Amino acid sequence: MTTTITIDGGKSELRLLLRTPAGRQIGVGPGFSYRPDEDGVDRILAAVRGAAAMISLPAQVAGVVAGLTGVPGERAEHRRLALALERQFGAPAVVVEDSVLAHAGALGGPGVLLCVGTGTTVLAVDSGGDHVRLDGWGPHLGDRGSAYAIGLAGMRAATASHDQVGPTTVLADRLATALGGLDLASLQHYYRDPAMIARTAAFARDVLDAAAQGDPVAGQICTRAAADLADAAQVAAVRLGLSGTARRVSFSGRLLALGNTLHQALAAELEARKLPLVTPRAEPLDGGPALLGGVDPYTRLLASHGTGGDA
């Protein structure tokens, strides 16, 4: 076993895994999201440095792979990030979207991955490395079935219940707790909060909990989210022409916990579309070796993206 570093960076936190023949070490740094007038590279690197400071780095590392929600879209900034990681760790670095890393961890081969967190990205890969990517449009343009979408739907249902223009739901009381009240001052604090999107996504937990306790409004929100995710998985599989066992669907992200309300609804929706939902074989951090080791079908996928520092 060679010594490698895998970085999984999202909006809530960044995790760094050092894998050596002697074992594993994990460091944690802050998450990151888009901010006006910056490309985000410096904040990504600061988060990586913070996570790396929590572990004992060896003298030599064979390779580094970073799967990031906020991966730079501009080619020059993407290359700058990869080169900075190579300088920091003294090893070749590969920078990809977080869904690629999660796909390698969850499936390790052909299939469809639903990467569901604050946002939603769907990645389908066939045995030859061809791929189809859906959504990833962000909270205002897409992210169907995401924590943000569920949280926002729950908040709107709560305010409709409070105003008595919609069905009664326990989400009204839960929203009052989440916001610290339903008065003008509480609403202003919410709208002025730089973390408003994250706070909205966090309310998805309240929606799932209410659905599990039998609240019909919350249950309908979860059913709608599951249908959105299943529709995306089906379209991805059809567009890529997946057949046989390659039509399997897996998932990544803490929102889709095994057996919870959303997971059960998604399994039912996928079954109706003749798409089997399979348990992830491992977490995203464990997808690093497949991406660094030239494992099919990821070799061609990475080559098509130009992911290294010399891209």
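Among ALA201, ALA176, ALA233, the largest mean-square fluctuation in a Gaussian network model of the chain (Cα springs under 10 Å) belongs to ALA176. Of the DSSP H helices in the chain, those with a Cα length along their own long axis of 27 Å or more and a mean Kyte-Doolittle hydropathy reaching 0.5 comprise 216-240.
Taking 0.36 nm per residue of sequence separation and subtracting the Cα-Cα distance, how much length would be gained by fully extending the chain between ALA46 and THR299, in nm to one decimal?
Numbers: separation 253, 0.36 × 253 = 91.08 nm, distance 2.88 nm.
The span from ALA46 to THR299 would gain 88.2 nm if fully extended.
Site pair ASP231 and THR177 shows an inter-label distance of 3.2 nm when each label is modelled 7 Å from Cα along Cα→Cβ. When the square roots of the Cα gyration tensor eigenvalues are ordered a ≥ b ≥ c, the ratio a/c for the range 56-197 is 1.5 or more and a/b exceeds b/c, which makes its shape prolate.
Per residue, how big is the convex hull around the C-alpha atoms of the range 75-125? Give it to me in cubic angstrom, could you?
Values: hull volume 5.6 nm³, N = 51.
Expressed per residue, the convex hull around the Cα atoms of the range 75-125 is 109 Å³.
In this structure, the amide hydrogen of VAL94, modeled 1.01 Å from its nitrogen in the peptide plane, lies closer than 5 angstrom to those of VAL64, VAL65, ALA66, counting only residues at least 5 positions away or on a different chain. Helical content of the chain, expressed as a calculated mean residue ellipticity at 222 nm, amounts to -14000 deg cm²/dmol (DSSP H runs of 4 or more residues, -39,500 (n - 2.57) each, divided by residue number, nearest 500).
Test of understanding: in a Gaussian network model of the chain with alpha carbons linked when under 10 Å, which of GLY287, GLY259, GLY70 would top the mean-square fluctuation ranking? Looking only at GLY287, GLY259, GLY70, the largest GNM fluctuation is found for GLY259. Between GLU13 and LEU141, the contour length at 0.36 nm per residue exceeds the Cα-Cα span by 43.8 nm.
If we count every other residue with Cβ under 13 angstrom of GLY138's Cβ, Lys/Arg +1 and Asp/Glu -1, where does the sum land? All intermediate terms of the calculation are to be shown ahead of the outcome.
Numbers: positive: LYS11, ARG144; negative: ASP135, ASP143.
Cβ neighbours under 13 Å give a net charge of 0.
State whether the range 109-280 is rounded, prolate or oblate according to the following rule on the C-alpha gyration tensor (a ≥ b ≥ c being the square roots of its eigenvalues): a/c under 1.5 gives rounded; otherwise a/b larger than b/c gives prolate, and the remaining case gives oblate. Present the calculation step by step, with values, prior to reporting the outcome.
Values: a/c = 2.86, a/b = 1.95, b/c = 1.46.
Taking the square roots of the gyration eigenvalues as a ≥ b ≥ c, the range 109-280 is prolate.
Can you give the FRET efficiency for ALA185 and THR159, using 1/(1 + (r/R0)^6), R0 = 25 Å, r = Cβ-Cβ distance, to the nearest 0.05? Step by step, r from the Cβ atoms, then E = 0.95.
Quick one: if the Förster radius is 22 Å, what FRET efficiency do SER56 and LEU83 give, using the C-beta to C-beta distance and rounding to 0.05?
Working: r = 24 Å, r/R0 = 1.11.
With a Förster radius of 22 Å, E is 0.35.
With Cα atoms defining each centre, the range 238-265 and the range 165-235 are spaced 22 Å apart in the structure. Extension gain for the segment LYS274 to ARG75, taken as residue separation times 0.36 nm less the Cα-Cα distance, is 67.8 nm to one decimal.
Computed from the coordinates by the stated procedures, all read-outs in this text should not be read as laboratory data. Predicted model, so just to flag it, every value in this text is computed and none were measured. Cβ: placed from backbone, ideal geometry, glycine included. Neighbour counts: every protein chain shown.
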